[in-house]
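Notes follow once the structure below has been shown.
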Amino acid sequence: MNKAHNLSKLIENNEKWVKEKLSIRDDYFTHLVDIQSPKYLWIGCSDSRVPANEIVGLEPGEMFVHRNIANVVVQTDMNILSVLQYAVAILKVEHIIIVGHYGCGGVKAAMEQNSYGLLDNWLRQIKLVYSHHENELNNIADENTKFRRMCELNVQEQVLNTCQTSVVQQAWKSKQELTVHGWIYDIADGIIHDLQRSYDNSDQVKDIYRFD
């Protein structure tokens, strides 16, 4: 009974939300039915404290969103590749934004030597990031500072992984306007920080990953 009650609360919230939107614009939902032309693809963490549209003040239909544990872009993950393909080739987004956040549980777990079962296979992608930047990270004495830096480095690596995908490479090859960005969100104050990692052409990608 309690579980059903908890779910019914969500339905009630939905009804209130609908009434609120209709009070502002009576065709709010009918307007959305045939329109999906976002300029942005957000690739973020599944963390429930990081609601994509809300923290950047966008309405439904204005941003295409993909979320997974620790905002990872894996070249063999058909889920993320399909999202990329649809967003870039069909929706023609102009910006792909990789958004991590400080205090990310996935990043924290990857920095440890504990086993989490099936999740270990996913965390391995983040452990690779630590391995690539091991010298820098091991020179940071304060654990919280190291953790925050690792969250930033993970975003930077996923930006590069995104740029190396065939989807993004083909878009650039065809002269499509597309920029990949790296941001990080601070849950403690709600502020997004631009990590100044933006790429808009294949010349910025290492030769080994570039397509002729």
Condition check for Val159: closer than 24 Å to His193 by Cα, in a helix (DSSP H, G or I) and in contact with an Asp or Glu (Cβ under 6 Å, 6 or more places away or on another chain): no
Total residues in region 197-212, condition among the aliphatic types (A, V, I, L, M) and assigned to a loop (DSSP other than H, G, I, E, B): 1
Residues located in region 79-95, provided they are closer than 10 Å to Val167 by Cβ, in contact (Cβ under 8 Å) with a residue 40 or more places away in the chain and exposed (fewer than 15 other Cβ atoms within 10 Å of the Cβ): Ala89
Candidate set from region 177-193 (those that are within 12 Å of Ile55 (Cβ to Cβ) and of a type in the set (Asp, Glu)); member that is nearest to the chain's Cα centre (by Cα): Asp186
Residue match in region 30-47 (condition: surrounded by 12 or more Cβ atoms within 10 Å (Cβ to Cβ), of a type in the set (A, V, I, L, M) and not in a helix (DSSP H, G or I)): yes
Residue list for region 166-196, restricted to those being assigned to a loop (DSSP other than H, G, I, E, B) and either in contact with a Leu (Cβ under 8 Å, 6 or more places away or on another chain) or under 20 Å from Ile90 (Cα atoms) (or both): Ser174, Lys175, Gln176, Glu177, Leu178
Considering residues of region 130-167 that are of a type in the set (Asp, Glu) and over 22 Å from Arg210 (Cβ atoms) only, the residue farthest from the chain's Cα centre (by Cα): Asp142
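A short reminder: the numbers here are calculations on the coordinates, not readings from a lab. None of the values given here were measured: they were computed from a predicted structure. Every residue, glycine among them, receives a Cβ derived from its backbone with ideal geometry; neighbour counts consider all protein chains shown.
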